[in-house]
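The values are calculated or read from the model by the stated rules, or taken from the named source; none is laboratory data. Everything quoted here is computed from the prediction, not taken from an experiment. Cβ placement follows ideal geometry from the backbone for every residue including glycine, while neighbour counts extend to all protein chains displayed. Note: areas computed on protein heavy atoms with side chains; ligands, DNA, RNA excluded. Shrake-Rupley method; radii C 1.70, N 1.55, O 1.52, S 1.80 Å.
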Amino acid sequence: MVYISHLLKDEDMLRLTQEYDCGIESIEFSVADNLDNLPQNIYSYRRRLEKMECEKLTIHGPFLDLNPMSYDSLALENTFIRYEQAYQAAKALGAKKIVYHTCYIPRVYLLIKWADRVADFYKKFLENKEGIEVLMENVQDPEIAPILQVAKKVDHPDFGLCLDIGHANCYSKSSVMKWTANLAPYVRHVHVHDNDGTADKHLGIGMGNIPVKEVLEQIIRGNPKATMTIECSQTQHVEDSIKWLKQNGFM
């Protein structure tokens, strides 16, 4: 299953999702202002989905100013509240998955006990929850091992990883193929976009140096049920990427 990140205008999303039978990954509830007015914005976004004639939905959760490993009890509580609000939006809208960032910032946070604290956060967060996959996404993370440790420590059927191949390519010294080889069994969703390794450019497939075909083949070998989202900000880049996925047998 392929989704398109809702970085485009609604009319472009309607055309692309209908023409190529794709779902939508909403970014609506990654914004704190929309979480502050949650019932209203759930209603509003439901109406937009109806106009876009799309029922296949994934939600991107909030990430700014949040930290699931924080030693500050109030910061941790706020993270929990925001994650919970986005989860409730996903539940109300019938989303199958929700993606949260690791929120790790190099040279600001230490990795000592990081995996333990993040795993403890998700164990608590997932208590009495079922039916929506909760996925942790790498962003500025330079190392693979801490994320792998969290994936192993959180023993819940709905928990897994979202591998962002663009982030891995530009924020880590380890190759994207190494990220894939280590994490593939735990990857349930992939954010697909391209760059040349110097910046997080969110280009269409083939416009950078990521070996996308090899990466996706390895992920599917590790988890045949893994889904993906095309996460490009330009309509043409999205459409070109969809065509590439179709031509290479990933749709």
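Once the stretch 22-37 is narrowed to residues that are open to solvent by 60 Å² or more (accessible area, probe 1.4 Å) and of a type outside the set (Asp, Glu), the residue that is nearest to Leu66 (Cα to Cα) is Val31. Of the strands (runs of 3 or more DSSP E) entirely within the stretch 1-77, those holding at least 3 residues that are without any contact (Cβ under 8 Å) to a residue 60 or more places away in the chain occupy 57-60. For the stretch 213-222, the set of residues classified as modelled with pLDDT of 95 or more and open to solvent by less than 60 Å² (accessible area, probe 1.4 Å) consists of Val215, Leu216, Gln218, Ile219, listed by residue number.
Checking each residue in the stretch 120-130 for being open to solvent by 10 Å² or more (accessible area, probe 1.4 Å), free of Cβ contacts under 8 Å to residues at least 40 places away in the same chain and part of a loop (DSSP other than H, G, I, E, B) picks out Glu127, Asn128, Glu130. Taken over the stretch 222-237, the criterion of being hydrophobic (A, V, I, L, M, F, W, C) and more than 16 Å from Ile165 (Cβ to Cβ) is satisfied by no residue. Tell me which residues, restricted to the stretch 145-188, are farther than 12 Å from Thr102 by Cα and among the β-branched types (Val, Ile, Thr). Across the stretch 145-188, the qualifying residues are Val154, Ile165, Val176, Thr180, Val187. Tell me which residues, restricted to the stretch 223-239, are crowded, with 18+ Cβ neighbours inside 10 Å and not in a loop (DSSP other than H, G, I, E, B). Across the stretch 223-239, the qualifying residues are Thr227, Met228, Thr229, Ile230, His237, Val238, Glu239. Taking the stretch 47-73 as the range and being loosely packed, with under 13 Cβ neighbours inside 10 Å and farther than 26 Å from Lys113 by Cα as the test, the residues that pass are Arg47, Glu50, Lys51, Glu53, Glu55. Out of Arg82, Arg107, Arg117, one residue alone is under 17 Å from the mean Cα position of the chain (by Cα) and open to solvent by 20 Å² or more (accessible area, probe 1.4 Å). It is Arg82.
The set of residues in the stretch 1-54 that are over 20 Å from Leu135 (Cβ atoms) and of a type in the set (Asp, Glu) comprises Asp10, Glu11, Asp12, Glu19, Asp21, Asp33, Asp36, Glu50, Glu53.
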